[in-house]
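S.K.: First the structure, which I've put down as structure tokens, then a few questions once you've had a look.
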Amino acid sequence: MSSIDPSFQRQAIDGLDAGLDQIIIGLDGENDNDSDGVDDDIPSGCSDSDDEQIIQSLEERLWYPPSPTNNVVARPKFNLALEISGGGITPSTTSGGDEPSAANAAAAVATTITASGSNANGFSQLEYAALTDGLITNSTSALVKGGLPYNIEFNDVGYMADVQIGTPPRTFVFLMDSGSADTWVPSTQCGAQCGSHTALGSDVSSTFQASGQQWATQYGSGSVAGVLCSDDMSIAGMKLQNKVFGVSLQESVQFSSKTVPFDGLMGLSFDKLSNQGVITPIEALAQSGLVKSSIMGYALGRVADGNNDGEIVFGQADPNKFDPSTTQTMAVSSSNGFWQVPLGAVIVNGDTVVSGRQVILDTGTSLMVAPEPDADAFHAQIAGSQSLGNGMYSIPCTTEAKVFFQFGNAAFQMDVQDLLFQPTTSDLTGQCVSSLSAGTVTDDQTWLLGDAFLKNVYFTTSVADKTVQLSARTDVPDSSSFGKSNSAAAVQALKENTKTGGAALQRRDIGRSKGWGLMTAGGLAAYFARLF
């Protein structure tokens, strides 16, 4: 029933691991001073077997291409290019038609939003600590009606929020995913196979009702299967009675592992993508009258800022977080079920590298993906960039490249810190893995922009209107729109929080993945495996 060839999935992952070899050579055992084959700076309790578990548990976790069932359109599986020549990167001359000059592209832009972040000191120490220590950075954002704190997983890898389900209510941690439509949590009947995550069933909730209707979703190399159920679900204090969703009876290690910090997944795309055949939570809230419209508002935080002001809002956009004078409203340009819109141009250091593309906006994917010729052209404009093979690139951790994405008549600059995924060695001023990789999303004209880009905008979706809105953030100090929709007192408070992090930076160790990441070979491989 799956349209995804499992043999290709394994081949792609194996090829990716091979592409990491030149990075791993500089990591695995680089601090093995006593020749015992173990890095001396890995915290106790982090073993090679832990690496294997991490690799298994994180493979494909943030890029979810569900298999089609009952003619449901599957989330696209992008195929990383398996052969990229080493050495320099040559801009493509076959990316589809003549590209406008930078001057022509700029002429079409009425609004330019800039970001003042810097990589002068290399990869962020805060991001590095979150990566190597496996930390969750809690949001301290003020909330509007329908809003939930949007907590950050590790070094901006994923974004999660708490939702209550059952009677009495139990709190579940959800990965909030605008790129899929199914919602599920583990069943109490799943037992050890679903790991140590919070689970749901009639033994813990008096309002839980299971059905005999089975569902199964293949997420790349990971999979989940179970039955539909109904129970009361409370989202930001809004109670959906007898909401239908899924409970898992089988989970692959990508979801069940103790290294996974969320319990379940909440899909927030169009319900056309649902393998369960039910409406999404935001649609249910709108149909029940708990919200006026099926609107979602996303503000993603950034660990490097020293303050997570992230918020996800059900039913409206938070006016305190975006500059309405910059808002670009775009009709969804595809009926495939994704939040797909036109991408006018991508401009790097003043040169237009591509124009006239399509893009899928996905909070469930950490990084960005572009067709190989486009990704090559992008990196050709960044001094010191290198092809790592298998669709991956490295760029200097100290790069100050200026990257703009044009939507409508506005150009949004990507904070240069977000171009860096993680260092290739423990030298934070050396080479870093780029947050843009090469691969086929749906075709040779479509990009995918995940969290690396979405941190730079306020992202709004409307199911009823079939529109996407992108706006400049007003709660991020590096944005040129900082403070425009906030009171003077609020702006000053944001500045004070940002200076030191202080009380605004709250972290909690999930107790599942302490001490993994850059210092082991498996850590880096695991992170990139999540892209498939």
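S.K.: Considering only the stretch 224-247, how many residues are under 21 Å from S178 (Cβ atoms) and either crowded, with 20+ Cβ neighbours inside 10 Å or without any contact (Cβ under 8 Å) to a residue 60 or more places away in the chain (or both)?
M.R.: 9
S.K.: Now a separate question. Scan the stretch 379-388 and give yes if some residue there is under 22 Å from the mean Cα position of the chain (by Cα) and of a type in the set (S, T, N, Q), otherwise no.
M.R.: No.
S.K.: While we're looking at this one, here's another question. Name the residue that is most open to solvent (accessible area, probe 1.4 Å), counting only residues in the stretch 262-310 that are basic (K, R) and in a loop (DSSP other than H, G, I, E, B). Steps first, answer last, please.
M.R.: So in the stretch 262-310, the residues basic (K, R) come out as 272, 292, 302.
After this cut, where a residue has to be in a loop (DSSP other than H, G, I, E, B) as well, the list is 292, 302.
Values: K292: 207, R302: 8 Å².
If we take residues in the stretch 262-310 being basic (K, R) and in a loop (DSSP other than H, G, I, E, B), then K292 is most open to solvent (accessible area, probe 1.4 Å).
S.K.: Also: In the stretch 186-206, what residues are closer than 12 Å to Q250 by Cα and either part of a loop (DSSP other than H, G, I, E, B) or in contact with a helix residue (DSSP H, G or I) (Cβ under 8 Å, 6 or more places away or on another chain) (or both)? Outline the logic, then answer.
M.R.: Residues of the stretch 186-206 closer than 12 Å to Q250 by Cα: 186-195.
Selection gives P186, S187, T188, Q189, C190, Q193, C194, G195.
The rows are residues; the columns are (1) open to solvent by less than 10 Å² (accessible area, probe 1.4 Å); (2) without any contact (Cβ under 8 Å) to a residue 60 or more places away in the chain; (3) not in a loop (DSSP other than H, G, I, E, B).
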{"position": "P324", "(1), (2), (3)": "no, no, yes"}
{"position": "T327", "(1), (2), (3)": "no, no, yes"}
{"position": "V346", "(1), (2), (3)": "yes, no, yes"}
{"position": "Q358", "(1), (2), (3)": "no, no, yes"}
{"position": "G364", "(1), (2), (3)": "yes, no, no"}
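S.K.: Is it the case, given these coordinates, that L420 is open to solvent by less than 10 Å² (accessible area, probe 1.4 Å), within 15 Å of the chain's Cα centre (by Cα) and touching a residue at least 40 places away in the same chain (Cβ under 8 Å)?
M.R.: no
S.K.: Now, a different point. Does T429 satisfy the criteria of being among the hydroxyl-bearing types (S, T, Y), in contact with a helix residue (DSSP H, G or I) (Cβ under 8 Å, 6 or more places away or on another chain) and either open to solvent by 10 Å² or more (accessible area, probe 1.4 Å) or farther than 26 Å from T460 by Cα (or both)?
M.R.: no
S.K.: Residues in the stretch 139-185 that are under 15 Å from L268 (Cβ atoms), part of a loop (DSSP other than H, G, I, E, B) and of a type in the set (S, T, Y): how many?
M.R.: Total meeting the criteria: 3.
S.K.: With respect to D478, is the statement that it is open to solvent by 10 Å² or more (accessible area, probe 1.4 Å), over 16 Å from T112 (Cβ atoms) and not small (G, A, S) true?
M.R.: Taking the combined requirement at face value, the residue does not satisfy it.
S.K.: Taking the conditions exactly as written (out of contact with any Leu (no Cβ under 6 Å at 6 or more places or on another chain), modelled with pLDDT of 90 or more and of a type in the set (G, A, S)), does A236 satisfy them or not?
M.R.: no
S.K.: Give the residues of the stretch 227-238 that are part of a strand (DSSP E or B) and either of a type in the set (D, E) or within 25 Å of the chain's Cα centre (by Cα) (or both), sorted by residue number. Let's see the steps before the verdict.
M.R.: First, the residues of the stretch 227-238 that are part of a strand (DSSP E or B): 227-235, 238.
If the condition is that a residue be part of a strand (DSSP E or B) and either of a type in the set (D, E) or within 25 Å of the chain's Cα centre (by Cα) (or both), then D231, D232, M233, S234, I235 are the ones that fit.
S.K.: Which of the residues belonging to the stretch 357-374 are of a type outside the set (V, I, T), touching a Leu at 6+ places or on another chain (Cβ under 8 Å) and within 19 Å of P342 (Cβ to Cβ)?
M.R.: So in the stretch 357-374, the residues of a type outside the set (V, I, T) come out as 357-358, 361-362, 364, 366-368, 370-374.
So of that shortlist, the ones also touching a Leu at 6+ places or on another chain (Cβ under 8 Å) come out as 357-358, 361-362, 364, 366-368, 370.
Within the stretch 357-374, R357, Q358, L361, D362, M368, A370 meet the criteria.
S.K.: Name the single residue that is modelled with the highest pLDDT among those in the stretch 217-226 being assigned to a strand (DSSP E or B) and under 29 Å from G297 (Cα atoms).
M.R.: Of the residues in the stretch 217-226, the ones assigned to a strand (DSSP E or B) are 217-219, 222-226.
With under 29 Å from G297 (Cα atoms) added as a condition, the list becomes 217-219, 222-224.
Numbers: T217: 84, Q218: 77, Y219: 63, G222: 71, S223: 86, V224: 92.
Going through the qualifying residues, I end up with V224.
S.K.: Can you pull out every residue in the stretch 329-344 that is in a strand (DSSP E or B) and under 20 Å from S462 (Cβ atoms)?
M.R.: T329, M330, A331, Q340, V341, P342, L343
S.K.: Do you know which of the residues in the stretch 463-475 that are under 19 Å from the mean Cα position of the chain (by Cα) and not aliphatic (A, V, I, L, M) is most open to solvent (accessible area, probe 1.4 Å)?
M.R.: Among them, the one singled out is Q469.
S.K.: In the stretch 248-261, which residue that is open to solvent by 10 Å² or more (accessible area, probe 1.4 Å) and assigned to a helix (DSSP H, G or I) is modelled with the lowest pLDDT?
M.R.: Among residues in the stretch 248-261 that are open to solvent by 10 Å² or more (accessible area, probe 1.4 Å) and assigned to a helix (DSSP H, G or I), the one modelled with the lowest pLDDT is Q254.
The values are calculated or read from the model by the stated rules, or taken from the named source; none is laboratory data. This structure is a prediction, so every number in the text was calculated from the model and none was measured. Ideal geometry is used to build each Cβ from the backbone, glycine not excepted, and the neighbour counts take in all protein chains shown. The area values use the complete protein model at the heavy-atom level, side chains included, leaving out ligands, DNA and RNA. Shrake-Rupley method; radii C 1.70, N 1.55, O 1.52, S 1.80 Å.
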